[in-house]
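Got a structure here, written out as structure tokens. Questions coming.
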Amino acid sequence: MKIDLDGIVIITGNYGSGKTEVSVNLAAERNSGGTEVRLADLDLVNPYFRTREARHQLRNLGIEVILPPEQYMTADLPILAPQVAGAIREQTAMVILDTGGDDVGATVLATLADRLQGISFKMLQVVNPFRPFTETVEGCLKIKSEIEAASKVEMTGIVGNANLIDETQAGHIYDGYEFAAEFARQSGLKLEFVTVPEILKADVDTGRFACPVLTIKRQLVPPWKQAVALT
Amino acid sequence: MSKVLMKGNEAIGEAAIRSGCLNYFAYPITPQSEVAEYLARRMPEVGGVFLQGESEVAVSYMIFGAAAAGARVFTTSSSPGISLMSEGISYMAGAQCPAVFVNIMRGGPGLGGILPSQADYFQATKSLGHGDFRLLVMAPASVQEAVEMMMDAFPLAEKYRNPVMILGDGLIGQMMEPVEFPDSKKTEPLNNDAWATSGLDTRKSDTRNLVKSLFLDPEALNNNNLLLKSKYEQMKREEVRFEAYNTDSAYNVLIVSYGTMSRVCRTAIDSMKADGIEVGMIRPQTLFPFPEDQIRAAADVTHCSVVASIEMSMGQMIEDIERSVQGKKPVKWFGKCGGDVPTPEEVVA
């Protein structure tokens, strides 16, 4: 099953749900499939571990990464690059907007609401049931309505991103799939895909999933670890 | 209990709740603001209090007040905010009040930057505020260790009736790792009827307790300082914590490094070992008391020719290492202090 996404895709979710890891890997996956991809870092709330950490790898692959100017990259300032609005207007084959966490992080989308008017797009909620406040479907539904209220945009789909980073096992992926599927049932949203870390690919039977799978090559690593090469 | 995936800052907040600390006063500052964000949601769920002060100075006196009244209380901040709290912390040490202060360090001096740093080593271990006092300082290297140190910090603060500091760099606050909260580390507050101003009703006492740091009589002030000194001497005897890595090898170089910097060193040590070069490491888990004897013993072996202090500062811990080694071996420094964390490759070089 292939991931069926193009056009404008907005990645949202609660704080630490894995939005950036999903955005970066989704960009690389679509790019390798021949789709022209632009990725915009709209995370105005997180000080470390943002899309910008993977910018060199992404640019080497030919993916355009839209970021605040280099000299403000480590400033504690909410800078929204003007190119973002342009990217939406120009209708590249695929534009991924990686937002910050929670309703606070999604507020930035309200400033783009005018630009999004009359354009078709997808807005996905990334969920990891091993994170605080989203261990239950009720918690995910609450975050969903908070993000929708702050962004003034309706959610269209779900990304299941169950993981414990280095300690993830196949069982976590299966439980996470069931969780995401239940969230999809209760919310009426489409489960677009679930993620599997590359190192677990051989251990996970993806035939159990009624949705596509995105392989995650981890990019946001602490300085004593190496990011996995993107292709 | 099953593991959850948490940011260091969130885990620090949750660890306080699991330690029975339901009083949190703070003022936001990057890179520790997630503690306040997390506890703003969690404290109401558990019947606790999160109150944002109008400044870090105000926060430090909210902490003083709650501690004086005998409550478990803590705060979190980052470097410039801790500077502002230093006056209140000095008062608390003088008045012998227990509390936990978390510093998720960012670059300095001044406003510095928001990236990780370890440049508050002097501040935490030697010069936090005026007067003759010390903090018990613990430095976690992982999110799990931050949780465990938090859960240990409250009973230690109460044992010594002294503020305890958790000193983490920005990475400890911002990185995500799987954690669990061990029930075995849950503690009940010590009985503080003898000193806390918790009200005569709750204490069932006829005598009034007074918490103060003012001693106008020179002999009384000298005696108070002697009492504080005896507590710091007891900490040196009883609370030293450290971790040794690859010290059973015939290492030529001994690294001393703490916090997340030590994890970079670990990766470097592993890669050098693969190339046939042996390097040992002592990681202080307490910075005060400092593992002086352990570092001296590890340096004073024939195969060790040099000791290296590797820190995200311009050479602060190196002074404690030199004091520990007592001139028996040369002590060198390597570090960076602009927010970039030194890479394993740079440590190897």
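The values are calculated or read from the model by the stated rules, or taken from the named source; none is laboratory data. Computed from a prediction, not measured in an experiment: that's the story for all the values here. Cβ sites come from the backbone with ideal geometry, for glycine too, and all protein chains shown count toward neighbours.
Name the residues in segment A:1-49 that are assigned to a helix (DSSP H, G or I), among the basic types (K, R) and away from every other protein chain (no Cβ under 14 Å), would you?
A:R30
Quick one: count up the residues across segment A:156-186 that are out of contact with any helix residue (DSSP H, G or I) (no Cβ under 7 Å at 6 or more places or on another chain) and assigned to a loop (DSSP other than H, G, I, E, B).
2
Going by the structure shown, is B:G88 more than 30 Å from B:A194 (Cα to Cα) and in a helix (DSSP H, G or I)?
no
Considering only segment B:321-335, how many residues are in a strand (DSSP E or B) and more than 21 Å from the chain's Cα centre (by Cα)?
4
Among the residues of segment A:150-204 satisfying the criterion of being of a type in the set (S, T, N, Q) and under 16 Å from A:N14 (Cβ atoms), which is surrounded by the fewest Cβ atoms within 10 Å (Cβ to Cβ)?
Taking the candidates together, the pick is A:S187.
Against the conditions (1) in contact with a Phe, Trp or Tyr (Cβ under 9 Å, 6 or more places away or on another chain); (2) within 14 Å of another protein chain (Cβ to nearest Cβ); (3) on the phi > 0 side of the Ramachandran plot, where does B:Q118 fall short? Just the number, please.
It fails just one condition, (3).
Output the strands (runs of 3 or more DSSP E) that fall wholly within segment B:1-69 and possess 3 or more residues being within 13 Å of chain A (Cβ to nearest Cβ), or say none.
B:4-7
Let me ask another. Within the set of pairs 6 or more residues apart or between chains, which connect a residue that is farther than 13 Å from B:R161 by Cα inside segment B:69-96 to a residue that is part of a helix (DSSP H, G or I) and modelled with pLDDT under 95 with Cβ atoms less than 8 Å apart?
B:S78/B:G170
Just to be sure before I move on: is B:P178 surrounded by 13 or more Cβ atoms within 10 Å (Cβ to Cβ) and either touching a His at 6+ places or on another chain (Cβ under 7 Å) or not basic (K, R) (or both) in the structure I sent?
Here the answer is yes, as B:P178 does meet what is asked.
So, one more: Any residue in segment B:100-114 that is within 14 Å of chain A (Cβ to nearest Cβ), surrounded by fewer than 23 Cβ atoms within 10 Å (Cβ to Cβ), assigned to a strand (DSSP E or B) and in contact with a helix residue (DSSP H, G or I) (Cβ under 9 Å, 6 or more places away or on another chain)?
Checked segment B:100-114: at least one residue is within 14 Å of chain A (Cβ to nearest Cβ), surrounded by fewer than 23 Cβ atoms within 10 Å (Cβ to Cβ), assigned to a strand (DSSP E or B) and in contact with a helix residue (DSSP H, G or I) (Cβ under 9 Å, 6 or more places away or on another chain).
Quick one: is B:K204 away from every other protein chain (no Cβ under 14 Å), without any contact (Cβ under 8 Å) to a residue 24 or more places away in the chain and either farther than 21 Å from B:L167 by Cα or crowded, with 16+ Cβ neighbours inside 10 Å (or both)?
So B:K204 fits the description; yes.
Quick one: in segment A:122-139, of everything that is charged (D, E, K, R) and within 13 Å of chain B (Cβ to nearest Cβ), which residue is farthest from the chain's Cα centre (by Cα)?
Among them, the one singled out is A:E135.
Next up: Any residue in segment A:185-198 that is in contact (Cβ under 8 Å) with a residue 24 or more places away in the chain sitting within a Cβ distance under 8 Å of a residue that is charged (D, E, K, R) and assigned to a strand (DSSP E or B)? List the pairs, counting only those 6 or more apart or interchain.
A:E192/A:K122
Residue-by-condition table, conditions (1) in contact (Cβ under 8 Å) with a residue 24 or more places away in the chain; (2) farther than 17 Å from B:M92 by Cβ; (3) buried (at least 17 other Cβ atoms within 10 Å of the Cβ):
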{"site": "B:A153", "(1), (2), (3)": "yes, no, yes"}
{"site": "B:K159", "(1), (2), (3)": "yes, no, yes"}
{"site": "B:L171", "(1), (2), (3)": "yes, yes, yes"}
{"site": "B:S198", "(1), (2), (3)": "yes, no, no"}
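Of the residues A:T168, A:T156, A:T215, A:T195, only one is more than 14 Å from the chain's Cα centre (by Cα) and either more than 14 Å from chain B (Cβ to nearest Cβ) or not small (G, A, S) (or both); which?
A:T168
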